[in-house]
Amino acid sequence: MKRFLLHLLFWAVYLLQDSIMQFTWTMSALPGMPDGERIRLAIIATVIIAIPKAIFTYFVVYFVFPRALKYPALRWWLCGETLLVLTALILAHRCLNFYIVGPIIYHNIIRPTSILNLPYLLLTIMDLGFVSGYAFTFKLLRMQLSGKEREKNLLQEKLQTELKFLRNQTHPHFLFNTLNNIYALARKRSDKTAAMILKLSKLLRFMLYESGKGFICISEEIRIIDDYLELQKLRFNERLSIQFHRNIDQEGSLLAPLLLLPFVENAFKHGVSETRFNSFVHIDLQLQNEILQFIIANTTNEDRIQPEQIGLGNVRRQLELMYHDHSLKVTNAAQVFTVQLTLNLQSHAKI
């Protein structure tokens, strides 16, 4: 239906401008005729002459052009076919003018002296080429716009697939690390094992039912970080200092799910767990006017610098995909590993 309306609009606009040209051209030949009658005759003549123009236009746009694209070897053959059809339609155009428009519409007041009059033949060729050229241009423009839209959709699908892959890769990574912690406690027959399993079930419930959303409230992300920190407190006892400061001006601000938790997980898995004494994880979360600042620092082994792990690499890529305005700085020192994230929550990209 939409395509039909576009075609109808095209021919309506073309016939309008062609009728105006016909009206202007007959002005001197029909000086005593009222303008209203002259306009009526111009419209009728224009519609009749449009028949061979429409045939040639649709022949070129919907027959010759698609076959030329699909079968390049047939282009010369198609050129020959086009020339034959053009010749036939030029003759049809001239016959309509000579036998119908001149004698019937204008009562022989305006009538060419011959069907094959050279100036009129040249005008006929220009007339047929003008409208078909317009239609062909619009066809190319629509194809180009459709191609760009298709390319844009494919890019969005690719980005969505990549984002899902990154999140799915993060979830097993997180689960594997947490199960390792529970396994260590179970081997020691620790009374804390049951509490850790309960905390883990809450985290898994969040990952299954909430992390698939495009956005969550930042209060939910904070809650899941709190649950994760409680898990770690059960594991490390008093040999670990954990601080989590937050200053949030609007707890309903929206954030991509599980964007901050991988930083916390990384601090424990590749930082604290590899140190034996005076370990700490310090987290500072500030949100003011939709600008989020997240800083997390943790102790590392003095003998080696902590490498950037899978979790951080995934989050870097997620940030690149989802937020235009962000800054991520990693300070990789010998004793302290620090991550500083500044994020404009309003710069979320539509993927």
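Coordinate-derived values only; no laboratory data. Predicted model only: the values in this text are computed from it and were never measured. Please note: Cβ atoms are built from the backbone with ideal geometry, for glycine as well, and neighbour counts cover all protein chains shown.
Residues whose amide H lies under 5 Å from that of Y323, counting only those 5 or more places away or on a different chain, are A349; hydrogens are built 1.01 Å from N in the peptide plane. If you take all other residues with their beta carbon under 11 Å from the beta carbon of S19, and give Lys and Arg +1 and Asp and Glu -1, the sum is +1.
Shape of the stretch 70-139 from its Cα gyration tensor (a ≥ b ≥ c, root eigenvalues): rounded if a/c is under 1.5, otherwise prolate when a/b > b/c, or oblate? Before the final figure, lay out each step's value.
On the way: a/c = 3.20, a/b = 2.24, b/c = 1.43.
Since a/c reaches 1.5 and a/b is larger than b/c, the shape of the stretch 70-139 is classed as prolate.
Structure note, pairs K2/K213; K233/K329; K202/K329; K188/K233; K269/K329: Cα-Cα distances above 24 angstrom occur for K2/K213; K233/K329; K202/K329. Among the trypsin sites (Lys or Arg not before Pro) found in the stretch 179-247, those both in a DSSP coil and sparsely packed, with 14 or fewer other Cβ atoms within 10 Å of their Cβ, are K188, R189, K213.
Taking a ≥ b ≥ c as the square roots of the eigenvalues of the Cα gyration tensor, the stretch 2-116 is classed as oblate, since a/c reaches at least 1.5 and a/b does not exceed b/c.
Assuming R0 = 51 Å, what is the FRET efficiency of F4 and R246, from their Cβ-Cβ distance, to the nearest 0.05? The formula returns an efficiency of 0.30 here. Computed over the stretch 2-116, relative contact order equals 24 percent, with contacts defined as Cα pairs under 8 Å that lie 6+ residues apart.
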